[in-house]
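Read the structure below first, then the notes.
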Amino acid sequence: MALVNLTGKETGTWVHIGTETTIEDGAVVAAPLAQLVDADESFFKAVGAVGAVLATDADWRAVAPLANKLSFVVINFPSFSDGRGFSLAVRLRKDLGFRGEIRATGHTIPDQAMHLLRSGFDSVETPDAREEAFKAAVKRYQVFYQSDFTGRTSLAHARHARAEERKAS
Amino acid sequence: MYAYDQYDHALVNARVGEFRDQVNRRLSGELTEEEFRPLRLMNGLYLQLHAYMLRVAIPYGTLSANQMRRLAHIARTYDKGYGHFTTRQNVQFNWPKLVDTPDILQELADVEMHAIQTSGNCIRNVTTDQFAGAAGDEVADPRPYAELLRQWSTFHPEFSFLPRKFKIAITAAKEDRAAVKWHDIGLILKQNDAGETGFEVIVGGGMGRTPVIGKTIRDFLPEADLLSYMEAILRVYNEQGRRDNKYKARIKILVEDLGAEEYARQTEAEWQAIRNNPIDVPAEEAARIRAFFAPPRLEVLSDDVAEVDDLARQNFLFAAWVRNNTGKHKVPGHVHVTISLKPHGGIPGDATDAQMDLVADLADQYSQGEIRVSHAQNLILPHVAKRDLPALWKTLDAAGLGAANQGLLTDIIACPGLDYCALANARSIPIAQAITSRFDDMKRLMDIGPLKIKISGCINACGHHHAGHIGILGVDRRGEENYQLLLGGSGAEDASKAAILGPGFGEEGIVDAVEKVVAVYLGEREDGEEFLATYRRLGPAPFKEAVYGAR
Amino acid sequence: MAKKLSGPQMVIANRLDDGRVVFLDRAGGWSVTPANAAVADDEDAIEALANVAAASVAANKVLSVEVIEATTDENGAPWPAHIKFAMQAKGPSVRADLGYQVALNWEN
Ligand code: SF4
């Protein structure tokens with residue numbers, strides 16, 4: 001597996017834990033959302049940093065009470081065609097104000113690189129064979145018709161922002 | 001018409017480059033078909049029965065003469081000399097080679113066209129009234145809004161992998177010529193009491209296996225809020241639409257499951273949360289786009305033109321054509337002209353390269369260089385001076401484009417069916433040909449009056465059979481083509497679902513059945529009553545008896 | 001179409017580069033002429049055809065491969081039994097000037 005960094009921000013490394021795993025103090029761990037919902041304060045104290053692993057059908061509202069405890073979120077795509085993952089990332093950024101890393105795992109395709117990045121993902125885990133194609137896809141387009149979570153405003157705004165600047169100067 | 005700026009050009013050119021790369025990777029074996037399929041579909045490239053098929057978007061049905069010439073060139077150079085205009089105001093080429101498709105897309109990009117999002121589970125080409133900008137009965141030109149929607153939906157980061165395909169239609173006229181109530185989202189442009197422009201928003205219409213007429217979730221949405229409101233509707237759908245069953249994945253099922261009120265409530269809540277985000281375009285951008293659609297400067301002329309009246313008196317076919325195929329324009333002395341692609345016995349919606357070139361030339365000569373495509377699979381010259389009608393008609397007629405049947409029984413909508421389509425159960429086109437040959441008599445057709453026949457080759461309903469006054473659906477009955485007869489549908493402002501009349505027929509039988517249905521109407525109609533009104537008044541019983549009575 | 005097939009069978013596909021309809025022929029290649037199609041009667045032979053076809057898919061020569069029921073045309077040559085595949089073999093019924101039915105201008 002390769003990790004493609006979409007935003008250029010620092011990406012983390014962590015261990016995935018299940019219910020059975022014993023956690024070393026200070027470890028950086030990723031755990032399924034349900035497990036985190038049930039976890040008590042001592043768990044959050046013990047670990048170094050924690051992230052939630054979300055299925056694409058996770059309800060973003062269920063993440064809300066935990067949001068300020070999470071350092072990162074993993075959204076796992078069962079299939080590239082499951083577009084709920086994009087809305088979920090948007091919800092985390094837009095409605096929960098989440099600023100940590102959001103990573104896509106599971107089945108995504110290189111041609112979705114821009115969709116991921118623009119919906120608020122920072123990184124994507126992909127088979128080695130797809131790494132280059134993912135990296136190339138991020139560079140292909142320069143302008144977009146929508147404002148997005150890279151901080152870019154839509155072409156509609158950009159067209160006139162430039163006009164505004166010209167007027168002002 | 002909208003004209004690309006450098007950014008629009010950059011986007012479609014980047015897309016062509018991307019697709020060229022993908023095709024190369026496919027041909028070299030780097031991509032498997034499984035991986036390539038969604039990519040080619042997002043560029044409108046299908047595999048049909050005989051070959052690949054490329055579906056090219058004609059944004060909201062508007063084409064320039066030059067763009068039409070390019071379509072003719074593509075048909076001639078890369079295809080077999082013809083194209084097929086579809087019920088989604090698109091054009092399909094039936095025989096392109098995979099290796100040629102990047103070049104075709106480049107040819108299109110050079111004239112500001114593309115095949116982006118003509119397939120796949122994304123927001124498809126937005127459709128609208130074919131007479132937009134010309135019709136006498138519209139509140140405003142709907143196309144600037146359609147262009148806004150085109151831009152907003154193109155490569156949308158969040159809504160490109162929806163549960164299912166998503167279709168939006170806009171109308172601005174009293175008469176709904178865009179079938180908005182049959183779309184995932186239907187928009188009716190209107191003015192409120194304060195004179196502000198906005199939209200009635202309808203969601204959850206759709207055909208296919210489960211036909212549903214859309215429901216209004218907002219009576220008036222200010223025009224400036226269009227995109228943020230669309231975004232709210234789409235987010236609710238993307239999150240909650242079903243993904244476990246392809247046939248239950250359209251928004252219509254979610255709207256039924258939640259109820260229209262709940263769908264409206266969730267949309268409204270989300271919209272309130274996002275309406276101040278930079279989603280809606282600045283007023284300057286709306287104005288920039290609107291300026292492209294400024295009405296052409298047409299000379300105000302008299303509506304009484306002696307040459308037209310003279311020729312109409314001498315020539316019944318010309319008179320019929322003027323009556324059926326031309327309609328009231330905003331500017332006196334002008335009309336919009338429908339060029340029928342439904343010659344009797346012909347293939348509905350097909351046009352040869354030569355015909356496309358001719359229509360392009362005629363558009364330059366008579367219609368400000370503008371052409372439209374209707375969802376009824378005809379071409380329109382939107383701005384024609386009445387005094388030019390005789391010359392225009394003679395030229396069209398000589399090229400096999402003079403059929404005077406717009407809106408009449410032989411103006412049949414038919415999907416490609418089993419002659420081309422890999423999903424089909426039965427052929428559609430031969431049924432249309434048989435019906436139009438059987439009714440090949442303009443006097444009889446004029447007597448019958450407005451009657452819409454719509455034919456689909458399978459339950460996917462690309463031929464809109466649910467919305468036909470007479471609908472015909474091809475099914476597979478133990479390996480044989482069989483046709484079901486439906487009556488009473490409408491795609492207009494009085495939208496209704498057609499109902500199956502009874503058991504299906506073979507090819508011959510379905511044509512007889514149509515004839516019997518028409519005979520009942522002619523016998524039963526009251527003064528001035530059109531077919532649909534008679535059917536609604538009488539119900540199916542007399543029709544059933546006439547069609548099946550002998551059994 | 002998970003329907004169980006019976007009787008003699010043949011393999012139909014579309015060529016990758018141009019999409020053209022082809023049939024697996026007796027030499028293990030792909031022919032645009034249905035008359036050249038290999039027809040198999042028993043399970044082993046059918047499976048052998050399917051394997052050759054699958055290898056061809058893996059080699060990115062064809063796609064949309066289907067094992068289909070075969071009948072014979074008026075000359076006794078192999079011909080698809082089902083209407084859909086017969087349509088593929090012939091070309092559109094409404095354009096007799098196009099497709100295999102005119103053995104045609106589509107340089108093979
Ligand atoms: S209705 Fe069916 S047969 Fe007709 S074009 Fe659509 S999918 Fe094909």
With runs of 4+ DSSP H residues as the only contributors, calculate the mean residue ellipticity of chain C at 222 nm using -39,500 (n - 2.57) per run, divided by the residue total and rounded to the nearest 500.
-7000 deg cm²/dmol
Loop-resident sites, the stretch C:1-104, for trypsin sites (Lys or Arg not before Pro), counting at most 10 other Cβ within 10 Å (DSSP)
C:Lys3, C:Lys4
I'd like the mean, over residues of A:151-159, of how many other protein chain beta carbons sit within 10 Å of each residue's own Cβ.
6
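Across peptide C:10-19, what mean number of C-beta atoms from other chains lies inside 10 Å of a residue's C-beta? It would help to have the intermediate numbers written out before the result.
Values: counts 0, 0, 0, 0, 8, 3, 9, 8, 8, 16.
Shielding by partners across C:10-19 averages 5.
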Set A:Lys94/B:Lys252; B:Lys174/B:Lys497; B:Lys80/B:Lys394, cut-off 23 Å on Cα-Cα distance; pairs above it are A:Lys94/B:Lys252; B:Lys80/B:Lys394
In the stretch B:402-492, which chymotrypsin sites (Phe, Trp or Tyr not before Pro) are in a loop and have at most 13 other Cβ atoms within 10 Å, using DSSP for the loop call?
none
In nm, what is the difference between 0.36 nm times the number of residues separating B:Ala260 and B:Asp310 and their Cα-Cα distance?
12.5 nm
Would you mind ranking B:Cys421, B:Cys415 by Cβ crowding within 10 Å, fewest neighbours first?
B:Cys421, B:Cys415
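Give me the extension gain from B:Arg536 to B:Asn66: residue separation times 0.36 nm, minus the current Cα-Cα distance, reported in nm with one decimal. Before the final figure, lay out the partial values.
Numbers: separation 470, 0.36 × 470 = 169.20 nm, distance 4.47 nm.
Net length gain for the segment: 164.7 nm.
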At R0 = 30 Å the Cβ-Cβ FRET efficiency linking B:Asp244 and B:Thr216, nearest 0.05, sits at 0.60
Once the Cα gyration tensor of the protein assembly as shown is diagonalised, what are the square roots of 5 times its eigenvalues, in whole Å and ordered largest first, as equivalent ellipsoid semi-axes?
45, 36, 26
If R₀ is 51 angstrom, what is the calculated FRET efficiency for the pair B:Ser302 and A:Val143, using the beta carbon separation as r and rounding to 0.05?
0.55
Going by average Cβ neighbours within 10 Å, how do the peptides B:131-141, B:463-473, B:257-267 rank, with the highest at the top?
B:463-473, B:131-141, B:257-267
Karplus couplings for the stretch B:152-165 from phi (6.51 cos²θ - 1.76 cosθ + 1.60, θ = phi - 60°), rounded to Hz, Gly and Pro as x?
4, 8, 6, 6, 4, x, 9, 10, 9, 10, 6, x, 7, 4
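Among DSSP bridges having both ends in the stretch A:2-143, what percentage is antiparallel? Round to the nearest 5. Don't skip to the answer; put the middle values down first.
Values: 4 of 24 bridges.
Of those bridges, close to 15 percent are antiparallel.
Please rank B:Lys181, B:Lys248, B:Lys443, A:Lys135, fewest neighbouring Cβ atoms within 10 Å first, as an exposure proxy.
By the 10 Å Cβ count, ascending, the order reads B:Lys443, A:Lys135, B:Lys248, B:Lys181.
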Provide the percentage of antiparallel DSSP beta bridges, counting only those with both residues in chain B; round to the nearest 5.
80
As an exercise, use a Förster radius of 30 Å and the Cβ-Cβ distance of B:Phe292 and B:Glu268 to find the FRET efficiency, rounded to the nearest 0.05.
0.40
Kirkwood Rh, the stretch B:413-548, all Cα pairs: how many Å?
14.8
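Considering Cα pairs under 8 angstrom that are at least six residues apart, work out the relative contact order of chain C and quote it in whole percent. Don't skip to the end; give the middle numbers.
Numbers: 176 pairs, mean separation 27.9, N = 108.
Reported as a whole number, the value is 26 percent.
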Beta carbons within 10 angstrom, averaged per residue: use that to sort the peptides B:189-195, B:110-116, C:32-38, highest first.
B:110-116, C:32-38, B:189-195
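In chain C, once you exclude exposed GluC sites (Glu not before Pro) (DSSP loop, at most 16 other Cβ within 10 angstrom), what's the longest stretch remaining?
For GluC sites (Glu not before Pro) (loop position, at most 16 other Cβ atoms within 10 Å), the longest site-free span of chain C is C:1-73.
Restricting to the protein assembly as shown, compute how many DSSP beta bridges are antiparallel as a %, nearest 5.
Within the protein assembly as shown, antiparallel bridges account for around 70 percent of the total.
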Nearest 10 degrees, 0 to 90: helix A:84-94 Cα axis against chain A principal axis:
80
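Evaluate peptide B:46-59: per residue, the Cβ atoms of other protein chains within 10 Å of its Cβ; return the mean as an integer. Each step should come with its number before you reach the end.
Values: counts 1, 5, 4, 13, 15, 10, 6, 1, 0, 0, 0, 0, 0, 0.
The per-residue average across the peptide is 4.
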Return, in residue-number order, each cysteine of chain B whose C-beta is not under 4.7 Å from any other cysteine's C-beta.
B:Cys122, B:Cys421, B:Cys458
Residues whose modelled amide H sits under 5 Å from the amide H of A:Ala49, counting only those 5 or more places away in sequence or on another chain, are A:Val28, A:Val29
Label-point gap, in nm, between A:Asp40 and B:Glu480 - each point 7 angstrom along Cα→Cβ:
7.5
Take B:Ser428, C:Ser6, A:Ser71 and order them by how many other Cβ atoms sit within 10 Å, fewest up front.
C:Ser6, A:Ser71, B:Ser428
If you average the sequence gap of Cα pairs under 8 Å that are 6 or more apart and divide by the length of the stretch B:142-291, what percent do you get for the contact order?
21
Over all pairs of different Cα atoms in chain B, the reciprocal of the mean inverse distance gives a Kirkwood radius in Å of 24.0
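Between the DSSP loop rule and a limit of at most 14 other Cβ atoms within 10 Å, which GluC sites (Glu not before Pro) in the stretch B:290-396 are left?
Details: sites: B:Glu299, B:Glu307, B:Glu370; in loops: B:Glu299.
Filter output for the stretch B:290-396: B:Glu299.
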Cα-based helix-to-principal-axis angle, A:131-140 vs chain A, degrees rounded to 10
30
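Bear in mind these aren't lab numbers, they're just calculated from the coordinates by the rules spelled out. Treat the numbers as computed from the prediction; the structure is a model and nothing was measured. Counting neighbours? That spans all protein chains shown, and the Cβs are built from the backbone with ideal geometry, glycine included.
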